[in-house]
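Just so it is clear, none of the values below were taken in a lab; they were calculated from the coordinates. These numbers come from a predicted model, not from an experiment. Virtual Cβ from ideal backbone geometry, glycine too; neighbours counted across all protein chains shown.
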Amino acid sequence: MTQLENQGPLWEVFIQTKAGQPFKHAGSVHAYDKEMAVENARDVYTRRGEGTALWVVPSSEIVAVSASESSSFFEPADDKVYRHPTFYTMPEGVKQM
Amino acid sequence: MENRVKYYLELADNAWILSHRLAENSSNGPFLEEDLACTNVALDLIGMAESIYNEAGKLLNDGTSGDDLAYRRSEWDYLNNLLSEQPNTDFAHLMVRQFFLDTFNYYNLTELTKSKDAFLSAVATKSLKEVTYHLRRSSEWMIRFGNGTEESMKRATNAINNLWRYTEELFTPTEADLSLREAGISADLNVIREEWESKVSEVFFLANLRKPENTFQLFGGKSGEHSEHMGYILTDMQYLTNKYPEAQW
């Protein structure tokens, strides 16, 4: 396993476990192009029945909140528990919310 | 009976020896993801070989197990083609060998799904899904090599030129194969040759790669006459069963 710096760009992998469910981040892979990214994702993350659908996204295309901004983004939500709809009872028969 | 076992062994040995070559690449891949991908292909091939060896053992009906067939035969008893045993000279050689054999396996298994032999047709149906993916991967590598850098083009061309001489053997039927043809058990290699050539031409066209002009061909593996590499493969592969004949796993 040589040439660590030459593995191609990084791609983020998202897996959907069942139709209708949200895609969840599973990890990342290196690949030189789209086809290779999908195939590498399949070979690394979905060999044990983890999912039935797959997205790969170039990591460089993901817009993220940086750590220095995080307090202004997230802290104002900390003291507003009333925003959680926890006072309602779940209707019967709802499995996924 | 005898011919059917031989035909089974030819199919199983091809998958088995190629899987060994791919397994040798484990931890030596160009990068982690490719390393895993090659090992995955090796595992698929081992699965296919295992089920055919076990069935061949049953047909022999003399106490020979699938493991005996995989690990306890002499070099000339293995009936795999010469191409499967060629070494992993570089990644281009590994992948060109894989592309040629994936293409062959794809059409061979497609034909075998129609076999009158219920076992072969079931194995072919199961393995075809895996091989469809193998072929997709190795075809894309060909296109990537050809349209990549000067170096990747040079290496792919070199590998094609070195390995082309083992391709004609894939389509040369053995006596066992021919004897099963009329009963509709074995696959017609003439049909597979045409499909193989057209697939290889299509991918080479997309990849800007060329078939070699030198059409010299080598034969022998399918009748047990192997290249010098085979002895080394078996020494490595049979080490455990030679050293610990009673080993169980």
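For chain B, modelled as a GNM whose springs connect Cα atoms under 10 angstrom apart, the maximal fluctuation among B:36, B:112, B:82 occurs at B:36.
Between helix A:34-45 and chain A, what is the angle of the helix's C-alpha long axis to the longest principal axis, kept within 0 to 90° and rounded to the nearest 10? On a 0 to 90 degree scale, this one is about 70.
Remark: region B:120-127, residue by residue, has Karplus-estimated 3J(HN,Hα) of 4, 5, 5, 4, 4, 4, 5, 6 Hz, where x stands for each Gly or Pro and the curve is 6.51 cos²θ - 1.76 cosθ + 1.60 at θ = phi - 60°.
Structure note, pairs B:114/B:154; B:114/B:199; B:58/B:114; B:154/B:243: Cα-Cα distances above 31 angstrom occur for B:114/B:154; B:154/B:243.
Suppose R0 equals 25 Å. What FRET efficiency, 1/(1 + (r/R0)^6) with r the Cβ-Cβ distance, do residue B:244 and residue B:76 give to the nearest 0.05?
E between residue B:244 and residue B:76, to the nearest 0.05, is 0.55.
Computed per residue of chain A from DSSP H runs no shorter than four, each worth -39500 (n - 2.57), the mean residue ellipticity at 222 nm is -5000 deg cm²/dmol. State the Cα centre-to-centre distance between region A:24-97 and region B:1-55 in whole Å. If you average the Cα positions of each part, the centres end up 37 Å apart. Helical runs assigned H by DSSP (4 residues or longer) give chain B a calculated mean residue ellipticity at 222 nm of -22000 deg cm²/dmol, each run adding -39500 (n - 2.57) before division by the residue total. Averaged over the residues of B:24-35, the number of partner chain Cβ atoms lying within 10 Å of the residue Cβ comes to 4. Let me make sure I get this right: for region A:1-91, a, b and c are the square roots of the gyration tensor eigenvalues over alpha carbons, sorted descending. Under 1.5 in a/c it's rounded, otherwise prolate if a/b > b/c, else oblate. Which is it? Oblate. A straight Cα-to-Cα reach below 17 Å connects residue A:18 with the aspartates and glutamates A:50, residues fewer than 8 places away in its own chain not being considered.
Residue by residue, region B:51-57 carries 3J(HN,Hα) couplings of 5, 6, 4, 4, 5, 4, x Hz when phi is fed to the Karplus relation 6.51 cos²θ - 1.76 cosθ + 1.60 (θ = phi - 60°); x denotes Gly or Pro.
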